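Heads up: the structure comes next, in structure tokens.
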Amino acid sequence: MGKAMGETLERLEAVIRDRLAAGDAGASYVASLAAKGRGKIAQKLGEEAVETVIAAISEDDAALVGEASDLIFHLSILLATRGLAWDDIAAELGRRHGTSGHAEKAARK
């Protein structure tokens, strides 16, 4: 991931945190989704994941990029409502780096 992606995710997190803090469900999609609860956010994330898979299989690159962006956006909202950030994800990925995927998966059991 390049510097631009990191900066983009930082900006996205900041906007999401601001919208959650403001809590104005009438003016913000983020706040309105959060007001419906974590279950609704998770449901929306699942819908976006399915749409991403469909785009990967049967649509063009532009559609896949759009759906992947929606997926990351909704994942960012879910993380923020749990008090987590992309830095937490980066730390976990860093911890796993250099470990066989099979070994890492077996260690989780």
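Every number here is computed from the coordinates shown, using simple stated rules; none is lab data. Computed from a predicted structure; not experimentally measured. When we count neighbours, we look across all protein chains shown, and the Cβ atoms used for this are built from the backbone with ideal geometry, even at glycine.
As I understand it, the value is the acute angle between the Cα axis of helix 61-81 and the longest principal axis of the Cα atoms of the chain; what does it come to in degrees, rounded to 10?
Helix 61-81 and the main axis of the chain meet at about 70 degrees.
Using every pair of alpha-carbon atoms in the stretch 1-54, split the distances into 10 Å bins beginning at 0 and state the percent of pairs per bin, rounded to integers.
Histogram of Cα-Cα distances, whole percents per bin: 23, 37, 36, 4.
Sticking to Cα atoms, compute the Rg of the stretch 61-106 to one decimal and its Dmax as the biggest Cα-Cα distance, whole number, in Å.
Over the stretch 61-106's Cα set, Rg and Dmax evaluate to 13.8, 36 Å.
Work out the length of the dipole vector of the chain about its Cα centre, built from +1 on the beta-carbon of each Lys and Arg and -1 on the beta-carbon of each Asp and Glu, and round it to the nearest 20 debye.
Around 660 debye, computed over the chain.
Determine how many Å³ per residue the convex hull of the Cα atoms of the stretch 10-109 encloses.
Convex hull volume per residue, Cα atoms: 140 Å³.
Calculate how steeply helix 38-58 sits against the longest principal axis of the alpha-carbon atoms of the chain, using the helix alpha-carbon long axis, and give the answer as 0 to 90 degrees to the nearest 10.
Approximately 60 degrees, to the nearest 10.
How do ASP70, ASP87 rank when sorted from fewest to most other Cβ atoms within 10 Å of their own Cβ?
Fewest to most other Cβ atoms nearby, the residues stand as ASP87, ASP70.
Working from Cα positions, state the angle (0 to 90°, nearest 10) between the long axis of helix 86-96 and the longest principal axis of the chain.
10 degrees
Spin-label point model (7 Å from Cα, Cβ direction): what's the THR99 to GLU59 distance in nm?
Taking the simple label geometry, THR99 and GLU59 are separated by 3.4 nm.
Just to check I understand the Karplus step: with θ = phi - 60° and J = 6.51 cos²θ - 1.76 cosθ + 1.60, what whole-Hz values come out for the stretch 9-22, glycine and proline as x?
Result, ordered by residue: 5, 5, 5, 4, 4, 4, 5, 4, 4, 4, 5, 5, 5, 5 Hz.
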